[in-house]
1. Select from the range 54-104 the residues that are closer than 20 Å to residue 30 by Cα, touching a residue at least 24 places away in the same chain (Cβ under 8 Å) and not in a helix (DSSP H, G or I) and list them in ascending order.
2. Within the bounds of the range 45-57, is there any residue that is more than 18 Å from residue 14 (Cβ to Cβ) and modelled with pLDDT of 95 or more?
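The values are calculated or read from the model by the stated rules, or taken from the named source; none is laboratory data. Since we're looking at a predicted model, the values are computed, not measured. Here the Cβ positions follow ideal geometry from the backbone for every residue, glycine too, while neighbour counts run over all protein chains shown.
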């Protein structure tokens with residue numbers, strides 16, 4: 001499943017990271033991602049990512065609060081985000097280490 005999420009800036013991965021600190025509705029997810037990562041997700045991109053993540057069991061939609069529907073990570077979503085973050089951390093360490101060697 002890890003390969004399904006794609007590159008680090010893939011919307012699904014950004015949504016998982018946003019939901020890691022708690023329940024949020026669509027606008028709050030978009031605002032959090034923009035503030036923390038500097039990536040702006042359009043409504044179509046966001047809601048397509050939410051639908052894919054929910055279909056895969058990585059997030060779950062909660063009962064709507066008025067017009068807003070909040071989402072939260074599932075246990076599978078936590079595991080997937082952890083695996084992706086660990087993989088990215090290893091890649092970053094490898095890349096930075098090799099860059100340092102190349103500059104020496």
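1. The answer is 58, 59, 62, 65, 68, 69, 70, 71, 72, 73.
2. Our first condition is that a residue be more than 18 Å from residue 14 (Cβ to Cβ); within the range 45-57, this holds for 57.
Within this subset, residues satisfying the condition of being modelled with pLDDT of 95 or more are 57.
Yes, that holds for at least one residue.
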